[in-house]
Amino acid sequence: MIDEQLKPHGVVDERVLRAMADVPRDEFVPPRLRLNAYEDRALGIECGQTISQPLVVALMTQAVAPGPDDVALEVGGGSGYQAAVLSRLCRRVITIEREPALAERAGATLKRLGYENVEVVLGDGSLGWAGSAPYPVIVVACAALGVPPALVDQLAEAGRLVIPVDTGADRPQDLRLYTCTGRQVTYRSLFPVLFVPLRTD
Ligand code: SAH
């Protein structure tokens, strides 16, 4: 995975490569897909959701440049895999998941594997998690029409936020990296992606 999928496709940050090598993706996929865990693609998990392609996880992680003292917020915890990768690079990770079954499973997996600096929260991630804000790193793992305002409010000065943005029917989503400098929040497009939707109902 590291040598064939990540290094040739733009993952250059040694810390990110190490974190990707450390976290066992096979522990986060449903048992019947264990043998497929290191394939270069997204895989189905419970509740009709997906665990992202390893390359996308690595590039999103690299884009937000997590630092060892940072607290990271993730929206869309799913299997807990992305949170586990972030946990190797940050001081603490809070991941919000709206599906109770997924939140419970992710929490159990992370605990079993000893990722003690990750907290799984059940709720609507579009509201962020004000308790530990502001965040230098925010990763949104589901697609929205734009950045939910609460997440902009909770982004720290010099913070980095990555999010897939819907750009219209039949078009791929645009993965965007938002950065906060002074009071200005600006973005640049990274690459087209396909994520499950951020649901607020
Ligand atoms: N990062 C995950 C993959 C996430 S798939 C992993 O590594 O496995 C996207 C997830 O976002 C799904 O689990 C879905 O239930 C969740 N989701 C969708 N809308 C949400 C919302 N408003 N708040 C929190 N989670 C949400």
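Observations
A quick yes/no check of all residues on (1) out of contact with any helix residue (DSSP H, G or I) (no Cβ under 8 Å at 6 or more places or on another chain); (2) within 12 Å of the ligand (Cβ to nearest atom); (3) of a type in the set (Val, Ile, Thr):
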{"residue": "113", "(1), (2), (3)": "no, no, no"}
{"residue": "117", "(1), (2), (3)": "no, no, no"}
{"residue": "128", "(1), (2), (3)": "no, yes, no"}
{"residue": "133", "(1), (2), (3)": "no, no, no"}
{"residue": "151", "(1), (2), (3)": "no, yes, no"}
{"residue": "158", "(1), (2), (3)": "yes, no, no"}
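- Residue list for region 122-149, restricted to those being assigned to a strand (DSSP E or B) and either aromatic (Phe, Trp, Tyr) or crowded, with 19+ Cβ neighbours inside 10 Å (or both): 135, 136, 137, 138, 139, 140, 143, 144
- Output for region 168-190, where each listed residue is over 19 Å from the mean Cα position of the chain (by Cα) and under 19 Å from residue 75 (Cβ atoms): 185
- Top-ranked residue in region 75-101 [being in contact with a Cys (Cβ under 7 Å, 6 or more places away or on another chain) and among the aliphatic types (A, V, I, L, M); ranked as nearest to the ligand (Cβ to nearest atom)]: 75
- Check on residue 80, touching a Leu at 6+ places or on another chain (Cβ under 6 Å), modelled with pLDDT of 95 or more, crowded, with 21+ Cβ neighbours inside 10 Å and over 14 Å from residue 159 (Cα atoms): yes
- Count of residues meeting criterion [part of a helix (DSSP H, G or I), β-branched (Val, Ile, Thr) and over 16 Å from residue 59 (Cα atoms)] in region 83-109: 1
- Of all residues making up region 6-51, the number that are part of a helix (DSSP H, G or I) and β-branched (Val, Ile, Thr): 1
- Subset of region 170-201 that is more than 30 Å from residue 44 (Cβ to Cβ) and β-branched (Val, Ile, Thr) - its residue that is modelled with the lowest pLDDT: 181
- Per-region count, region 16-58, residues under 16 Å from the mean Cα position of the chain (by Cα) and more than 15 Å from the ligand (Cβ to nearest atom): 1
The values are calculated or read from the model by the stated rules, or taken from the named source; none is laboratory data. For clarity, every value in this text was computed on a predicted model and none was experimentally measured. So basically every Cβ, Gly included, is an ideal-geometry build from the backbone, and we count neighbours across all protein chains shown.
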